[in-house]
Amino acid sequence: MTAHPDVTTFFDTVSNTFSYVVKDPASDACAIVDSVLDFDYASGKVSYKSADEIVAHVSKHGLNVEWLIETHVHADHLSAAPYLQEKVGGKIGIGEQITAVQETFGKVFNEGTEFQRDGSQFDRLFADGATFSIGAMQALAISTPGHTPACMTYVIGDAAFVGDTLFMPDGGTARADFPGGDARQLYRSIKRVLALPAETRLFMCHDYGPNGRDILNETTVADQIAHNIHVHEGVSEEEFVQMRTARDATLAMPKLIIPSLQVNMKAGALPDPEANGQRYLRVPINGL
Ligand SMILES: [Fe+2]
């Protein structure tokens with residue numbers, strides 16, 4: 001029988017990111033998907049309001065956090081996974097192609113040899129088809145690259161956490177123009193997600209409320225196939241690639257891409273303090 005996890009949604013209004021607590025209905029076990037560390041770039045200040053909402057939820061319901069999973073290396077917000085791990089436990093997991101992301105951005109940020117590009121900053125690297133358990137539930141990791149090389153979709157019972165492969169049907173799809181992104185790969189990855197059972201609940205990573213509608217985070221495979229403005233049934237790979245490429249050429253970089261990549265490629269660890277005890281982020285001039 002397919003498990004029907006309890007999904008609690010948290011929304012960060014600054015980056016329009018959804019975080020999820022995915023609970024096994026048969027136990028106290030849960031996983032936290034795509035947490036957010038609040039970061040004000042202008043002042044260099046980090047804070048924990050978003051993460052503390054999740055901590056409060058976990059303690060209120062007496063949950064046992066088994067996993068802190070990332071659908072990908074986010075470019076628009078910092079991950080709160082290390083903070084949450086310290087507060088509530090859990091193993092930090094991401095797709096095994098994180099090594100490709102570390103290779104690319106290790107160069108961009110001129111990281112020294114002490115920065116291991118082997119994903120060892122994470123507790124678990126998921127290969128395509130890897131399974132893991134959350135209490136009594138079996139979860140399946142599917143590699144869905146295109147937006148980034150390390151993008152994963154996590155299928156947990158009748159729910160799938162699609163990261164930035166798909167947006168809500170009226171939002172279409174995520175961009176594929178970051179280093180290592182690939183529109184053709186994205187199309188093929190989306191087809192894998194849409195091959196899941198029609199009634200599968202799909203949970204988004206972002207929503208921007210297109211055309212003034214309220215923010216939404218949940219849809220189904222059937223709904224995406226019928227209505228997704230970029231990849232509904234009948235849109236060919238060529239049509240998609242053309243549309244995606246033309247559209248991506250018009251998009252500005254996300255505001256927090258530079259701090260986000262620097263931190264998230266290291267499993268959310270902030271840079272080590274320098275000799276004066278202060279931590280610094282780097283900005284590569286014309287380097288992105
Ligand atoms: Fe993303």
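Results, tabulated for the structure shown:
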| item | result |
| --- | --- |
| Matching entry among VAL101, VAL46 (being more than 25 Å from GLU218 (Cα to Cα) and assigned to a strand (DSSP E or B)) | VAL46 |
| ALA267 vs. criteria under 17 Å from ALA75 (Cα atoms), in a loop (DSSP other than H, G, I, E, B) and in contact with a strand residue (DSSP E or B) (Cβ under 9 Å, 6 or more places away or on another chain) | yes |
| Pair list, Cβ under 6 Å, 6 or more apart: the range 276-287 residue over 14 Å from LEU261 (Cα atoms), other residue loosely packed, with under 11 Cβ neighbours inside 10 Å and not basic (Lys, Arg) | ARG279/PRO273 |
| Answer residue from the range 205-231, given it is closer than 20 Å to THR9 by Cα and in contact with a Gly (Cβ under 7 Å, 6 or more places away or on another chain) and is surrounded by the fewest Cβ atoms within 10 Å (Cβ to Cβ) among those | TYR208 |
| Residues of the range 123-159 that turn out to be in contact with a helix residue (DSSP H, G or I) (Cβ under 7 Å, 6 or more places away or on another chain) and more than 16 Å from the ligand (Cβ to nearest atom), as a count | 2 |
| Count of the range 49-72 residues which are out of contact with any helix residue (DSSP H, G or I) (no Cβ under 6 Å at 6 or more places or on another chain) and not in a helix (DSSP H, G or I) | 10 |
| Matching entry among THR131, THR148, THR113 (being polar (S, T, N, Q) and in contact with a Gly (Cβ under 7 Å, 6 or more places away or on another chain)) | THR148 |
| Test: LEU186 is closer than 23 Å to THR219 by Cβ, surrounded by 24 or more Cβ atoms within 10 Å (Cβ to Cβ), at pLDDT 95 or above and among the aliphatic types (A, V, I, L, M) | yes |
| Any hit, the range 218-227, residues being within 25 Å of GLU96 (Cα to Cα), of a type outside the set (A, V, I, L, M, F, W, C) and within 16 Å of the chain's Cα centre (by Cα) | no |
| Only listed residue being surrounded by fewer than 19 Cβ atoms within 10 Å (Cβ to Cβ) and touching a residue at least 12 places away in the same chain (Cβ under 8 Å), chosen from ALA174, ALA150, ALA127 | ALA127 |
| Residues (away from the ligand (no atom under 15 Å from the Cβ) and of a type in the set (Val, Ile, Thr)) located in the range 63-103 | VAL65, VAL88, ILE92, THR99 |
| Pair list, Cβ < 7 Å and 6+ apart or interchain, from the range 246-263 residues that are touching a residue at least 24 places away in the same chain (Cβ under 8 Å) to residues that are of a type in the set (Val, Ile, Thr) and surrounded by 20 or more Cβ atoms within 10 Å (Cβ to Cβ) | LEU261/VAL73 |
| Count - residues of the range 160-176 that are more than 22 Å from PRO197 (Cβ to Cβ) and more than 12 Å from the ligand (Cβ to nearest atom) | 3 |
| Subset of the range 16-40 [over 25 Å from CYS151 (Cα atoms) and part of a loop (DSSP other than H, G, I, E, B)] | PRO25, ALA26, SER27, ASP28 |
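Residue-by-condition table, conditions (1) farther than 30 Å from GLY209 by Cβ; (2) at pLDDT 95 or above; (3) surrounded by fewer than 20 Cβ atoms within 10 Å (Cβ to Cβ):
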| position | (1), (2), (3) |
| --- | --- |
| ASN16 | no, yes, yes |
| ASP28 | yes, yes, yes |
| LYS45 | no, yes, yes |
| ALA56 | no, yes, yes |
| GLU66 | yes, yes, no |
| HIS72 | no, yes, no |
| GLN97 | yes, yes, no |
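The values are calculated or read from the model by the stated rules, or taken from the named source; none is laboratory data. As the structure is a computational prediction, the values presented were derived from the model and not from experiment. Methodologically, a virtual Cβ is constructed for each residue, glycine included, from the backbone with ideal geometry; neighbour enumeration extends over all protein chains shown.
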